[in-house]
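We did not get these values from a lab; they are worked out from the coordinates using the rules stated. None of these values were measured; they are calculated from a predicted model. Virtual Cβ from ideal backbone geometry, glycine too; neighbours counted across all protein chains shown.
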Amino acid sequence: GNSVTQMEGPVTLSEEAFLTINCTYTATGYPSLFWYVQYPGEGLQLLLKATKADDKGSNKGFEATYRKETTSFHLEKGSVQVSDSAVYFCALSDRGAGNNRKLIWGLGTSLAVNP
Amino acid sequence: DSGVTQTPKHLITATGQRVTLRCSPRSGDLSVYWYQQSLDQGLQFLIQYYNGEERAKGNILERFSAQQFPDLHSELNLSSLELGDSALYFCASSPHSESTDTQYFGPGTRLTVL
């Protein structure tokens, strides 16, 4: 079945460091790919998404490119801030049977940014 | 603020009991999703409703049930509670049920079963 694999955390970086969080997926067909972020004590919120191969999603300085050839959707940011400390989830949409829709989630990667 | 509301914020109860979690989607959204987030299992999709009808089912136990009402709010019922049901339960909503839809999450209900 479809699945998402994220790099394990926690990831600890200094402010202004470069961030990469790896995400690879297994899917049949052409899923959409998402990165959600969960700040401490809050619900998840969409960070960015890409709906087809070679699309690049971007938001708040974060970027991820939908790479079909490597089945990857790695999250990157050039210069992280303390306020980026959160848990990041990679997810893919699963059309499923009968036109159903659900998201399949990675386990999440915790990021801590130190001043 | 996502526009999705969940009540209650916290719930503490005993094993064997039954609880109801409530979710109000964003105005205009027709789909509601329920998720369970626990330390050992991560984020698990439970069930989706679209305009009052069940649309997709995930890892939802038979002791759990849900429904979506005509005003589009949804309730998740958990019965015969066990210690392992302790988790954060999130509701999310989206405009339709397309695979590209962004899902908007509520703040969650933290359930503690003692």
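Observations, loosely collected:
- Nonlocal Lys pairs with alpha-carbon distance under 22 Å, the protein assembly as shown (8 or more apart, or different chains): 15
- Applied to the stretch B:63-70, the Karplus parametrisation 6.51 cos²θ - 1.76 cosθ + 1.60 on θ = phi - 60° returns per-residue 3J(HN,Hα) values of 6, 9, 8, 8, 7, 10, 8, x Hz, with x for Gly and Pro.
- Debye equation applied to the C-alpha atoms of the stretch A:12-115, log10 I(q)/I(0) at 0.10 Å⁻¹: -0.28
- Compactness of chain B is given as radius of gyration and Dmax, 13.2, 39 Å, from Cα positions.
- Coil-residue chymotrypsin sites (Phe, Trp or Tyr not before Pro) of the stretch A:1-78, DSSP, other Cβ within 10 Å capped at 12: A:F18
- 16 Å reach of a label modelled at A:T71, 7 Å along Cα-to-Cβ, counting backbone N of the stretch A:1-32: A:1-7, A:23-32
- Once the Cα-Cα distance is subtracted from the 0.36 nm per residue extended length, the B:T5 to B:L83 segment shows a gain of 25.5 nm.
- Amide H contacts of B:A66 (H built 1.01 Å from N, under 5 Å, at least 5 apart or other chain): B:N77
- Viscosity 0.890 mPa s, 25 °C: Kirkwood-radius Stokes-Einstein D of the protein assembly as shown over Cα pairs, µm²/s: 136
- Karplus-derived 3J(HN,Hα), 6.51/-1.76/1.60, for each residue of the stretch B:16-29, Hz, glycine and proline x: x, 7, 10, 9, 10, 9, 10, 9, 10, x, 4, 4, x, 6
- Relative contact order for chain A, counting Cα pairs under 8 Å that sit 6 or more residues apart, in percent: 35
- In nm, spacing of pseudo-spin labels at A:T5 and A:L107 (7 Å Cα→C-beta vector): 1.2
- Long-range HN-HN contacts of A:G9 with modeled amide H, under 5 Å: A:S110
- Per-pair calculated FRET efficiency, R0 = 35 Å: B:T112 and A:T26 via Cβ, rounded to 0.05: 0.50
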